[in-house]
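A.B. asks: The following block contains the structure, expressed as structure tokens.
The values are calculated or read from the model by the stated rules, or taken from the named source; none is laboratory data. Because the structure is a prediction, the values reported are computed rather than measured. Cβ sites come from the backbone with ideal geometry, for glycine too, and all protein chains shown count toward neighbours.
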Amino acid sequence: MEDLWPAQLENCRVACPAGELDLATALDFAILLRGTAPAAGADWLIVDLSRVTFMDCSSLRDLCTAWNRSRATGRWTRVVYDQAPIGRLLRLTHLQEQFPRYASIEDAWREHGAGASA
């Protein structure tokens, strides 16, 4: 990641939650996303879920809000994850096209303009 950070990602904010994303942590996750949202001064948002050990539906509203905020400014929100349960959650809630899987922050950034959220 050294070759991309910070010069090429200077207009991109990265949120990296860790642990469980559930009803008990939903407010913290919402605050994290608002703090890294385009309205906070960044053009694009990457949410790196690679350190998330559990995620339920309570976090999806905040992801969608961040995505909508990005779209309103002509930008995107991308999600990095490799956990099958997160992919299954997005698929079951019909959000897999809105949040296609990116394997790394670098992949999310390099696919500039790709995916349903571009």
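A.B. asks: Looking at Asp82, Asp62 in this structure, which one is among the charged types (D, E, K, R), touching a residue at least 24 places away in the same chain (Cβ under 8 Å) and either farther than 20 Å from Ala108 by Cα or part of a helix (DSSP H, G or I) (or both)? Lay out the reasoning, then the answer.
C.D. replies: Details: Asp82 fails: either farther than 20 Å from Ala108 by Cα or part of a helix (DSSP H, G or I) (or both).
When all the criteria are applied, what remains is Asp62.
A.B. asks: Name the residue that is modelled with the lowest pLDDT, counting only residues in the stretch 1-44 that are exposed (fewer than 14 other Cβ atoms within 10 Å of the Cβ) and among the small types (Gly, Ala, Ser).
C.D. replies: Ala7
A.B. asks: Considering only the stretch 78-97, state which residues are among the β-branched types (Val, Ile, Thr), surrounded by 15 or more Cβ atoms within 10 Å (Cβ to Cβ) and either modelled with pLDDT under 95 or farther than 21 Å from Cys12 by Cα (or both).
C.D. replies: Within the stretch 78-97, just Ile86 meets the criteria.
A.B. asks: Give the number of residues within the stretch 66-77 that are under 15 Å from Arg13 (Cβ atoms) and in a helix (DSSP H, G or I). I'd like the intermediate steps shown before the answer.
C.D. replies: Our first condition is that a residue be under 15 Å from Arg13 (Cβ atoms); within the stretch 66-77, this holds for 66-67, 69-70, 73, 75-77.
Filter once more, keeping what is in a helix (DSSP H, G or I): 66-67, 69-70.
Counting residues in the stretch 66-77 that are under 15 Å from Arg13 (Cβ atoms) and in a helix (DSSP H, G or I) gives 4.
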